[in-house]
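Engineer: Below: one structure in structure tokens.
The values are calculated or read from the model by the stated rules, or taken from the named source; none is laboratory data. Please read these numbers as outputs of a predicted model, since none were measured by experiment. Quick reminder, even Gly has a Cβ in these numbers, built from the backbone with ideal geometry, and neighbours come from all protein chains shown. Heads up: the accessible areas ignore ligands, DNA and RNA and are worked out on the full protein's heavy atoms, side chains in. Shrake-Rupley method; radii C 1.70, N 1.55, O 1.52, S 1.80 Å.
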Amino acid sequence: MLHSASQEDVTAVLGSPAADWIVEPARLPGAIRLRNVHDPSFQMAFMPAGTTLRDGPLGHSSLEIERQRLLLAAAERTSLWDLHLGTTEETVALIEWGLETEWVRLAVEVGRSGRRTGEWTELPRERLRNELRDRRNWSAGPYPTEETFLELFILLTPAGTKVVGAGAVDDAISDAFAKRRTL
């Protein structure tokens, strides 16, 4: 939509793109994310055409919906800052389940000068529990401009990618993209 829109329409939606937005690597490979410099929680992702989490038609999964939502969030490489699956305690329990099944993993992205760099490091197993319980990893704020910072993400493992591709999150995908009626 923005590609074919007039400059006036783009400015109406985004404000001044050069001044108000930071362009970062997005969660899905090949995508970009725009994060508003004035409000880090205001962001948009742009994905290449044809991006899909799963081939074939959607079916139904026997996995409970909360676990499906966790796997879907991991497929989208969601930051703990952006993860909204319940209370922090409920979400930590879901992540720990995902780690035990070896369908998800945690990784850290390094940032400098107020921007994410695209440099990723997988967290060693012995640090996972402490990082999940550290409240600073769950609270988004403006990225620090004067120092290096870390942002914690949940990602799918190769086994998790196969499970998602086989239909384990079909109900969550359907729910996420369901058309909702407006009154």
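Engineer: Any residue that is open to solvent by 60 Å² or more (accessible area, probe 1.4 Å), at pLDDT 70 or above and among the small types (G, A, S) - is there at least one of those in region 1-21?
Structural biologist: No.
Engineer: Further question on the same structure: With region 75-176 as the region, which strands (runs of 3 or more DSSP E) entirely inside it contain at least 1 residues that are open to solvent by less than 20 Å² (accessible area, probe 1.4 Å) and among the aromatic types (F, W, Y)?
Structural biologist: In region 75-176, the matching strands (runs of 3 or more DSSP E) lie at 149-156.
For (1) of a type in the set (G, A, S); (2) in contact with a strand residue (DSSP E or B) (Cβ under 8 Å, 6 or more places away or on another chain), each residue gets a yes or a no:
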site: L123; (1), (2): no, yes
site: N137; (1), (2): no, yes
site: F149; (1), (2): no, yes
site: L152; (1), (2): no, yes
site: T157; (1), (2): no, yes
site: G160; (1), (2): yes, yes
site: G167; (1), (2): yes, no
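Engineer: Go through the residues of region 123-133 one by one and say whether even a single one is of a type outside the set (D, E) and in contact (Cβ under 8 Å) with a residue 40 or more places away in the chain.
Structural biologist: Within region 123-133, one or more residues are of a type outside the set (D, E) and in contact (Cβ under 8 Å) with a residue 40 or more places away in the chain.
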